[in-house]
Amino acid sequence: MPITVNIAQDSTREIDLGNSTGMRIAAPVAQASVHVDYQHPAGSGNYSSAIKGSAGYGNPFTVLAGGTKNVLKSDLESEHVRVGARNANITVTY
């Protein structure tokens, strides 16, 4: 059963993808700049981009107003990530 969380503009949220194959990020009202990070190494307090170079898109990336972006777990360095939004609220389904 998918989980959907809301992330307010200029906020972040920790997400554990667990058994999910990835996440669908939506910007329902306005264009959002979205970043996906992970704590590297775990527990260090230092965050790095979670998106692998081979994924073919950058970090942060833009989700257009009314649009969505699918982020596959295979595109990520870790299944435990921090997702943040700038310029607009987003919803994340995983």
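Quick notes
- Within the stretch 6-26, considering residues that are open to solvent by 20 Å² or more (accessible area, probe 1.4 Å) and in contact with a Ser or Thr (Cβ under 7 Å, 6 or more places away or on another chain), the one farthest from LEU76 (Cα to Cα): ASN6
- Counting only strands (runs of 3 or more DSSP E) wholly contained in the stretch 1-63, the ones carrying 1 or more residues that are of a type outside the set (Ser, Thr, Tyr) occupy 4-7, 11-16, 22-27, 32-39, 61-63.
- Verdict on ASP37 being open to solvent by less than 50 Å² (accessible area, probe 1.4 Å) and among the charged types (D, E, K, R): yes
- Meets criteria (open to solvent by 20 Å² or more (accessible area, probe 1.4 Å) and modelled with pLDDT of 95 or more) for SER44: no
- Within the stretch 27-53, considering residues that are more than 11 Å from the chain's Cα centre (by Cα) and touching a residue at least 40 places away in the same chain (Cβ under 8 Å), the one nearest to LYS73 (Cα to Cα): GLN39
- Residues (small (Gly, Ala, Ser) and open to solvent by less than 30 Å² (accessible area, probe 1.4 Å)) located in the stretch 52-77: ALA55, GLY67
The values are calculated or read from the model by the stated rules, or taken from the named source; none is laboratory data. Since we're looking at a predicted model, the values are computed, not measured. Backbone-built Cβ (ideal geometry, glycine too); neighbour counts: all protein chains shown. SASA here: full protein model, heavy atoms, side chains in, ligands and nucleic acids out. Shrake-Rupley method; radii C 1.70, N 1.55, O 1.52, S 1.80 Å.
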